[in-house]
Amino acid sequence: MFEAILFDLDGTLLDADMSIFFKHYFQAMGEFAVEKGFGDPEQLVKLVDRCTWHMIRDHSGEDTNIGTFMERFLDQWTCTEEQANDFFNEFYEVKFPLLERHCRAFPGMKEMMARLCRHKQQIVIATQPIFPIWPIQCRLNWAEVGDFPYALITSGEHMHYCKPAVEYYAEIVERIGANPAKCLMVGNDTNSDLAAGELGMKTFLLEERLIDQGDNSYLPDWRGKLPDLYGFMEEIF
(Lines give C-alpha, C1' and ligand atoms only; values in the text may rest on other atoms or scores of the structure.)
Protein backbone atom coordinates (compact mmCIF):
# COMPACT_ATOMS: atom_id res chain seq x y z
CA MET A 1 0.00 0.00 0.00
CA PHE A 2 2.83 2.40 0.82
CA GLU A 3 6.36 2.70 -0.56
CA ALA A 4 7.49 4.36 2.65
CA ILE A 5 6.16 5.16 6.11
CA LEU A 6 7.50 8.24 7.87
CA PHE A 7 7.36 8.55 11.64
CA ASP A 8 7.77 11.64 13.76
CA LEU A 9 9.82 10.89 16.87
CA ASP A 10 8.94 13.01 19.90
CA GLY A 11 5.38 12.38 21.05
CA THR A 12 4.90 9.77 18.32
CA LEU A 13 7.50 7.03 18.77
CA LEU A 14 8.67 8.40 22.12
CA ASP A 15 6.33 9.26 24.98
CA ALA A 16 7.52 12.74 25.91
CA ASP A 17 6.00 16.09 26.78
CA MET A 18 8.39 18.25 24.79
CA SER A 19 7.58 21.47 26.64
CA ILE A 20 8.83 19.80 29.82
CA PHE A 21 11.69 18.09 28.01
CA PHE A 22 13.06 21.32 26.52
CA LYS A 23 12.85 23.04 29.90
CA HIS A 24 15.22 20.43 31.32
CA TYR A 25 17.28 20.41 28.12
CA PHE A 26 18.05 24.12 28.33
CA GLN A 27 18.63 23.90 32.07
CA ALA A 28 21.21 21.16 31.51
CA MET A 29 22.87 23.17 28.75
CA GLY A 30 23.13 26.25 30.97
CA GLU A 31 24.64 24.23 33.80
CA PHE A 32 27.12 22.68 31.39
CA ALA A 33 28.10 26.14 30.13
CA VAL A 34 28.97 27.14 33.71
CA GLU A 35 30.91 23.91 34.16
CA LYS A 36 32.93 24.47 30.96
CA GLY A 37 33.31 28.24 31.28
CA PHE A 38 31.49 28.77 27.98
CA GLY A 39 30.05 32.20 28.74
CA ASP A 40 26.92 33.40 30.49
CA PRO A 41 24.49 30.45 30.71
CA GLU A 42 21.31 32.51 30.48
CA GLN A 43 22.50 34.35 27.40
CA LEU A 44 23.71 31.11 25.83
CA VAL A 45 20.34 29.41 26.24
CA LYS A 46 18.52 32.42 24.79
CA LEU A 47 20.87 32.51 21.81
CA VAL A 48 20.56 28.78 21.14
CA ASP A 49 16.78 29.15 21.20
CA ARG A 50 16.86 32.10 18.78
CA CYS A 51 19.27 30.36 16.42
CA THR A 52 17.13 27.23 16.47
CA TRP A 53 14.04 29.17 15.45
CA HIS A 54 16.07 30.92 12.75
CA MET A 55 17.07 27.47 11.46
CA ILE A 56 13.45 26.27 11.45
CA ARG A 57 12.21 29.34 9.58
CA ASP A 58 15.01 29.45 7.02
CA HIS A 59 13.71 28.04 3.74
CA SER A 60 16.66 28.99 1.54
CA GLY A 61 18.07 25.45 1.40
CA GLU A 62 21.53 26.93 0.91
CA ASP A 63 23.11 25.08 3.84
CA THR A 64 22.38 22.17 6.12
CA ASN A 65 20.31 22.97 9.19
CA ILE A 66 23.33 22.65 11.47
CA GLY A 67 25.29 24.90 9.12
CA THR A 68 22.53 27.52 9.23
CA PHE A 69 22.42 27.31 13.02
CA MET A 70 26.19 27.60 13.44
CA GLU A 71 26.52 30.56 11.09
CA ARG A 72 24.00 32.55 13.13
CA PHE A 73 25.39 31.31 16.47
CA LEU A 74 29.03 32.16 15.69
CA ASP A 75 28.00 35.61 14.53
CA GLN A 76 26.69 36.39 18.04
CA TRP A 77 28.81 34.31 20.44
CA THR A 78 32.44 34.94 21.31
CA CYS A 79 34.12 31.67 20.41
CA THR A 80 35.68 29.85 17.48
CA GLU A 81 33.81 27.28 15.42
CA GLU A 82 36.01 24.57 16.92
CA GLN A 83 35.17 25.70 20.46
CA ALA A 84 31.44 25.74 19.67
CA ASN A 85 31.58 22.27 18.12
CA ASP A 86 33.53 20.93 21.08
CA PHE A 87 31.01 22.38 23.55
CA PHE A 88 27.89 21.08 21.81
CA ASN A 89 29.41 17.68 20.98
CA GLU A 90 30.48 17.12 24.58
CA PHE A 91 27.11 18.31 25.88
CA TYR A 92 25.27 15.83 23.68
CA GLU A 93 27.66 13.03 24.55
CA VAL A 94 27.82 13.57 28.32
CA LYS A 95 24.72 15.47 29.48
CA PHE A 96 22.01 14.77 26.93
CA PRO A 97 21.69 11.04 27.81
CA LEU A 98 20.74 12.06 31.36
CA LEU A 99 17.51 13.56 30.03
CA GLU A 100 16.12 10.07 29.44
CA ARG A 101 14.31 10.24 32.79
CA HIS A 102 11.92 12.79 31.29
CA CYS A 103 10.75 10.36 28.58
CA ARG A 104 9.54 6.79 28.30
CA ALA A 105 8.80 4.21 25.65
CA PHE A 106 5.26 3.71 24.39
CA PRO A 107 4.11 0.14 25.11
CA GLY A 108 3.91 -1.82 21.87
CA MET A 109 5.93 0.60 19.71
CA LYS A 110 8.95 -1.70 19.45
CA GLU A 111 6.76 -4.61 18.37
CA MET A 112 4.99 -2.50 15.75
CA MET A 113 8.30 -1.37 14.28
CA ALA A 114 9.59 -4.93 14.20
CA ARG A 115 6.52 -6.03 12.21
CA LEU A 116 6.98 -3.23 9.70
CA CYS A 117 10.63 -4.10 9.21
CA ARG A 118 9.82 -7.78 8.69
CA HIS A 119 7.69 -6.68 5.73
CA LYS A 120 10.78 -4.93 4.30
CA GLN A 121 8.91 -1.65 4.59
CA GLN A 122 10.97 1.48 3.92
CA ILE A 123 10.83 3.38 7.22
CA VAL A 124 11.91 6.99 7.74
CA ILE A 125 12.41 8.71 11.09
CA ALA A 126 11.00 12.08 10.09
CA THR A 127 11.89 13.99 13.23
CA GLN A 128 12.34 17.75 13.29
CA PRO A 129 15.99 17.96 12.10
CA ILE A 130 17.25 20.52 14.58
CA PHE A 131 19.58 18.05 16.31
CA PRO A 132 22.66 16.19 15.12
CA ILE A 133 22.33 12.43 14.78
CA TRP A 134 23.59 11.43 18.25
CA PRO A 135 20.79 13.02 20.37
CA ILE A 136 18.28 11.66 17.85
CA GLN A 137 19.74 8.18 18.23
CA CYS A 138 19.53 8.58 22.00
CA ARG A 139 15.82 9.31 21.79
CA LEU A 140 15.24 6.39 19.44
CA ASN A 141 16.97 4.18 22.00
CA TRP A 142 14.79 5.57 24.79
CA ALA A 143 11.77 4.68 22.66
CA GLU A 144 13.21 1.15 22.28
CA VAL A 145 13.27 1.49 18.48
CA GLY A 146 16.90 2.42 18.00
CA ASP A 147 18.14 -0.78 16.37
CA PHE A 148 16.02 -1.01 13.23
CA PRO A 149 17.33 -0.55 9.64
CA TYR A 150 15.79 2.81 8.79
CA ALA A 151 15.98 4.13 5.25
CA LEU A 152 16.65 7.62 6.59
CA ILE A 153 16.86 9.51 9.88
CA THR A 154 16.41 13.23 9.29
CA SER A 155 19.16 14.93 11.28
CA GLY A 156 20.57 18.43 11.16
CA GLU A 157 23.83 17.40 9.51
CA HIS A 158 22.27 16.51 6.16
CA MET A 159 18.78 18.05 6.00
CA HIS A 160 18.33 21.54 4.55
CA TYR A 161 14.80 22.30 5.74
CA CYS A 162 12.64 21.85 8.83
CA LYS A 163 8.98 21.06 9.41
CA PRO A 164 6.44 22.27 8.45
CA ALA A 165 8.09 23.36 5.18
CA VAL A 166 6.93 21.20 2.29
CA GLU A 167 10.54 21.24 1.09
CA TYR A 168 11.44 19.12 4.13
CA TYR A 169 9.16 16.35 2.93
CA ALA A 170 10.29 16.79 -0.68
CA GLU A 171 13.89 16.32 0.42
CA ILE A 172 12.96 13.07 2.16
CA VAL A 173 11.24 11.49 -0.85
CA GLU A 174 14.10 12.58 -3.09
CA ARG A 175 16.62 10.91 -0.80
CA ILE A 176 14.73 7.61 -0.53
CA GLY A 177 13.42 7.56 -4.09
CA ALA A 178 9.73 7.34 -3.22
CA ASN A 179 6.54 8.68 -4.75
CA PRO A 180 5.00 11.07 -2.18
CA ALA A 181 1.52 9.86 -3.12
CA LYS A 182 2.58 6.42 -1.90
CA CYS A 183 4.02 7.62 1.41
CA LEU A 184 2.40 7.82 4.84
CA MET A 185 3.40 10.36 7.49
CA VAL A 186 2.58 9.48 11.10
CA GLY A 187 2.84 12.21 13.72
CA ASN A 188 1.19 13.97 16.65
CA ASP A 189 1.45 17.60 15.48
CA THR A 190 -1.42 18.98 13.40
CA ASN A 191 0.87 21.55 11.79
CA SER A 192 4.36 20.12 11.45
CA ASP A 193 3.37 16.55 10.63
CA LEU A 194 0.15 17.00 8.68
CA ALA A 195 1.96 19.46 6.38
CA ALA A 196 3.20 16.34 4.57
CA GLY A 197 -0.23 16.27 2.94
CA GLU A 198 0.73 19.33 0.89
CA LEU A 199 3.16 17.13 -1.03
CA GLY A 200 0.51 14.49 -1.57
CA MET A 201 1.42 12.16 1.28
CA LYS A 202 -1.23 10.41 3.31
CA THR A 203 -1.22 11.30 7.00
CA PHE A 204 -2.09 9.63 10.28
CA LEU A 205 -2.55 11.92 13.29
CA LEU A 206 -1.60 10.17 16.52
CA GLU A 207 -3.61 11.67 19.37
CA GLU A 208 -1.60 10.28 22.30
CA ARG A 209 0.54 13.42 22.69
CA LEU A 210 -1.53 15.66 20.44
CA ILE A 211 -0.13 19.09 19.58
CA ASP A 212 -2.79 21.31 18.06
CA GLN A 213 -2.22 25.05 18.11
CA GLY A 214 -5.40 25.60 16.11
CA ASP A 215 -3.49 27.56 13.47
CA ASN A 216 -3.54 25.20 10.51
CA SER A 217 -5.95 23.94 7.88
CA TYR A 218 -4.57 20.43 7.46
CA LEU A 219 -6.84 17.44 7.93
CA PRO A 220 -5.43 13.94 8.47
CA ASP A 221 -6.49 10.98 6.36
CA TRP A 222 -6.63 8.89 9.52
CA ARG A 223 -6.37 9.65 13.20
CA GLY A 224 -6.54 7.82 16.51
CA LYS A 225 -4.82 6.61 19.66
CA LEU A 226 -2.04 4.04 19.87
CA PRO A 227 -4.34 0.99 19.55
CA ASP A 228 -5.79 2.55 16.39
CA LEU A 229 -2.31 3.09 14.96
CA TYR A 230 -1.22 -0.45 15.76
CA GLY A 231 -4.39 -1.85 14.20
CA PHE A 232 -3.96 0.31 11.12
CA MET A 233 -0.40 -0.89 10.61
CA GLU A 234 -1.58 -4.49 10.71
CA GLU A 235 -4.35 -3.82 8.20
CA ILE A 236 -2.16 -2.27 5.50
CA PHE A 237 -0.26 -5.51 4.85
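The values are calculated or read from the model by the stated rules, or taken from the named source; none is laboratory data. These figures come from a predicted structure and were not determined experimentally. Cβ: placed from backbone, ideal geometry, glycine included. Neighbour counts: every protein chain shown.
Quick check on the range 11-30. Is at least one of its residues acidic (Asp, Glu), touching a strand residue (DSSP E or B) at 6+ places or on another chain (Cβ under 7 Å) and either farther than 29 Å from residue 204 by Cβ or touching a residue at least 12 places away in the same chain (Cβ under 8 Å) (or both)? Yes - at least one qualifying residue is present in the range 11-30. Of the residues making up the range 180-237, those that are acidic (Asp, Glu) and either part of a helix (DSSP H, G or I) or touching a residue at least 40 places away in the same chain (Cβ under 8 Å) (or both) are 189, 193, 198, 208, 228, 234, 235.
For the range 17-59, a residue qualifies if it is in contact with a Phe, Trp or Tyr (Cβ under 8 Å, 6 or more places away or on another chain) and either aliphatic (A, V, I, L, M) or assigned by TED's automatic domain parsing to the domain that holds residue 205 (or both), and the qualifying residues are 28, 29, 33, 44, 45, 47, 48, 55.
Of 90, 3, 35, all but one fail to be out of contact with any Lys or Arg (no Cβ under 8 Å at 6 or more places or on another chain) and either of a type outside the set (A, V, I, L, M, F, W, C) or within 30 Å of residue 207 (Cβ to Cβ) (or both); the exception is 35.
The residues of the range 92-131 that are at pLDDT 95 or above, at negative phi, of a type outside the set (Lys, Arg) and surrounded by fewer than 17 Cβ atoms within 10 Å (Cβ to Cβ), listed by number, are 93, 94, 97, 98, 100, 102, 105, 107, 111, 114.
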